[in-house]
Amino acid sequence: MPDALPEAAVYIVTSLDGYVAREDGGLDGLPGFAAGEDYGYAASMATVDALVMSRHPYETVRSFDAWPNGETRVVVLSHCGVDVPEALRRTVAVRADEPADVLHGLGPEGVRRVYLDGGRTTQGFLRGGLVTEMVLTRVPALPGSGIPTFGPPGGDVRLQHVETEASPGGLVQSRYRVAPGPSRGQSGRPPTRRGGAGDPVGAVGAPRE
Ligand SMILES: NC(=O)c1ccc[n+]([C@@H]2O[C@H](COP(=O)([O-])OP(=O)(O)OC[C@H]3O[C@@H](n4cnc5c(N)ncnc54)[C@H](OP(=O)(O)O)[C@@H]3O)[C@@H](O)[C@H]2O)c1
């Protein structure tokens, strides 16, 4: 039976010592990020049907002069509600659901591929085995403390490296395919090796079309 869940890609910018933001959510420990550097984000966004983000990132982009997500469908995760202006109500919805339910809700709406924009929030999707791809941009900085990029351990997440690019400014961006977890209908056992040395996680195959 085909997997009805949309593919879910996580886009994370992290310091070399593994923080997505300061404890208070500040981004000044990631030089360039707070100043609006793109890091390939716009190109990645062009490949998705929907964007899922939590309240703080939503409030950040809402503060910009122009809404940057055009006609792309956006789901904002919040329990306490957020202000969605009339002009955005056609494309922006607020949900308070578990990660798996968020994706299950988007599949029947024709969404095939989702970008998860986050910090801490995306950890629930990763640990739930819901993420199919991860784009990790490492900023050459060591803020020393903050909100951890991957949080406490919650079971193995197996990755297959796809590509890495370094920018002249020193950013290193890597793309990984993520082995499917139990929430995507897999057993949760480590994937069976089927390849040789060039196939480090075996069951992580080509992306689903
Ligand atoms: N470096 C990066 O790539 C990157 C990307 C994005 C954000 N950040 C930074 O990292 C910090 C933490 O980011 P974060 O994504 O964890 O944001 P966050 O806004 O701190 O996420 C937590 C909030 O999201 C809402 N939420 C999360 N999951 C939910 C769910 N399943 N259902 C309902 N509500 C849910 C809740 O909002 P309510 O309190 O409204 O219920 C919760 O308080 C942010 O301050 C941001 O500056 C960094």
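The values are calculated or read from the model by the stated rules, or taken from the named source; none is laboratory data. Source: prediction; values computed, not measured. A quick note on method: Cβ atoms are made from the backbone with ideal geometry, for glycine too, and the neighbour counts reach across all protein chains shown.
Annotations
- Candidate set: segment 102-124, residues that are within 26 Å of Gly25 (Cα to Cα) and modelled with pLDDT of 90 or more; chosen: the one surrounded by the fewest Cβ atoms within 10 Å (Cβ to Cβ): Val102
- For segment 1-112, the helices (runs of 4 or more DSSP H) that sit wholly inside it and include 3 or more residues that are among the hydrophobic types (A, V, I, L, M, F, W, C) are 41-45, 99-106.
- The condition (being under 18 Å from Arg73 (Cβ atoms), under 10 Å from the mean Cα position of the chain (by Cα) and more than 12 Å from the ligand (Cβ to nearest atom)) is satisfied by just one residue among Val131, Val114: Val114.
- For first residues located in segment 25-44 and polar (S, T, N, Q), partners that are at pLDDT below 75 and crowded, with 17+ Cβ neighbours inside 10 Å and lie 6+ apart or on another chain with Cβ distances below 7 Å do not occur.
- Test for Leu130: is it aliphatic (A, V, I, L, M), in a helix (DSSP H, G or I) and at pLDDT 90 or above: no
- Which listed residue, of Glu98, Glu7, is surrounded by 17 or more Cβ atoms within 10 Å (Cβ to Cβ) and among the charged types (D, E, K, R): Glu7
- Of all residues in segment 58-69, none that is more than 14 Å from the ligand (Cβ to nearest atom) has its Cβ atom under 6 Å from the Cβ atom of a residue that is at pLDDT below 90 and part of a helix (DSSP H, G or I), 6 or more apart or on another chain.
- Of the residues making up segment 113-127, those that are of a type outside the set (Gly, Ala, Ser), within 19 Å of Arg55 (Cα to Cα) and outside any helix (DSSP H, G or I) are Val114, Tyr115, Leu116, Asp117, Arg120.
- Meets criteria (at positive phi, touching a residue at least 12 places away in the same chain (Cβ under 8 Å) and touching an Asp or Glu at 6+ places or on another chain (Cβ under 7 Å)) for Gly129: no
- Of everything in segment 57-92 that is touching a strand residue (DSSP E or B) at 6+ places or on another chain (Cβ under 8 Å) and over 18 Å from Met45 (Cα atoms), the residue that is modelled with the lowest pLDDT is Gly81.
- Verdict on Val13 being more than 8 Å from the ligand (Cβ to nearest atom), surrounded by 16 or more Cβ atoms within 10 Å (Cβ to Cβ) and among the β-branched types (Val, Ile, Thr): no
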